[in-house]
């Protein structure tokens, strides 16, 4: 695993271990409350809320101002090109997971996207492949484990990384191990490239949810619970899209629209 990512994972593990606390289930005499507790599947809620509060403070002081400055200074077209480039860099990991999931058409889409956008799209700056019939999709090791039948487990809110669960946390580490930047070489230049990619990725991800997150915090009575619900729904939607994509690979390979 590349050294620049290790502090993030180590900090997450140590922080959770240091402040771990469990929520007490409601008594069986209150079946409605017990059902809500089980549906939330958040036995570490006291700990998760502490981590959420810390993350939210860091976001308020550091990440959100940086994202606002990024939006104000960098034109939208440049931000979109940057996002395209970052997505293209993630194609090898996505392709590996498409294959591990046994999804040949999704693997074909990813391969064609990478080849087209890396060449015609100038290293991925331009997303030419989508217009040519190869749409993007999400694919990572957490999804692969889900398709293999591994349950998500209880809700986790990790330092820096945010909403997750044990399965997706393991998947995150597996994706880092599969990333070509993890094993293409060593040295200052490679390390700097990894740090730069990590920083730009965080900035890009935060800027793209600026409006939605601001609105959620203003309108939600309990932002933590709302984020927990939305994160789970979004994740289940991604997994369901992969699980139900049963397109077959035909001998005369051609673009084929994903199922609706």
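A few remarks follow.
- Inter-probe distance in nm under a simple model that places probes 7 Å from Cα toward Cβ, at residue 72 and residue 191: 3.4 nm
- Two-site FRET efficiency, residue 200 against residue 229, from Cβ-Cβ distance with R₀ of 35 Å, rounded to 0.05: 0.75
- Exposure proxy order (Cβ contacts within 10 Å, fewest to most) of 73, 120: 73, 120
- Centroid-to-centroid separation of the range 78-118 and the range 141-181 [C-alpha atoms, Å]: 19 Å
- Multiplying the residue separation of residue 22 and residue 150 by 0.36 nm and removing their Cα-Cα distance gives an extension gain of 43.8 nm.
- Hydrodynamic radius of the range 52-243 per Kirkwood, over alpha carbon pairs, in Å: 18.1 Å
The numbers here are math on the coordinates, done by the rules we state, and not lab data. This is a predicted model, so every value here is computed, not measured. For neighbour counting, all protein chains shown are included, and Cβ atoms are generated from backbone atoms with ideal geometry for every residue, glycine included.
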